[in-house]
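What follows is a set of notes on a single structure, which appears directly below.
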Amino acid sequence: MSRAQIPEDLLERSNAESQALRLRLVHGATVVFFSAGYSGKRFVFERAAALGIKSVVIEHPDSWARSLVDEGLVAKFVAVD
């Protein structure tokens, strides 16, 4: 089922069925983060990985987030000046 075929109200409901649907929809998605923020934001990437989200971080070359690729929390790190 594509996103366009899902009734909007079903996605917005506050129940277990809708939450399970939202989790299925986000699993396998790719999210691009322009700047990882400070290292205290690591929990964002941990949660994204736990949800099955492929994260791509675009950040300066010496960012703390570069190591997240080696840890398997981020799919790709793109260094930019």
Q: Could you grab the pairs with beta carbons closer than 8 Å, sequence gap of 6+ or different chains, first residue in region 67-79 and at positive phi, second one of a type in the set (A, V, I, L, M, F, W, C) and open to solvent by less than 50 Å² (accessible area, probe 1.4 Å)?
A: Gly72/Ala49
Q: Take the residues in region 45-68 that are among the β-branched types (Val, Ile, Thr) and within 9 Å of the chain's Cα centre (by Cα), then tell me which one is farthest from Phe33 (Cα to Cα).
A: Ile53
Q: Only residues that are among the charged types (D, E, K, R) and closer than 27 Å to Arg3 by Cβ: list them for region 42-81, please.
A: Glu46, Arg47, Lys54, Lys76
**Q.** Cβ pairs under 8 Å, 6+ apart, first in region 7-30 and β-branched (Val, Ile, Thr), second outside any helix (DSSP H, G or I)
**A.** Val26/Leu51; Val26/Gly52; Val26/Ile53; Thr30/Ile53; Thr30/Lys54; Thr30/Ser55; Thr30/Val56; Thr30/Ala75
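The values are calculated or read from the model by the stated rules, or taken from the named source; none is laboratory data. Just so we're clear, the structure is a prediction, and the values are computed from it rather than from any experiment. Quick reminder, even Gly has a Cβ in these numbers, built from the backbone with ideal geometry, and neighbours come from all protein chains shown. For the accessible areas, the whole protein counts, side chains as well, though only heavy atoms, and no ligand, DNA or RNA atoms are used. Shrake-Rupley method; radii C 1.70, N 1.55, O 1.52, S 1.80 Å.
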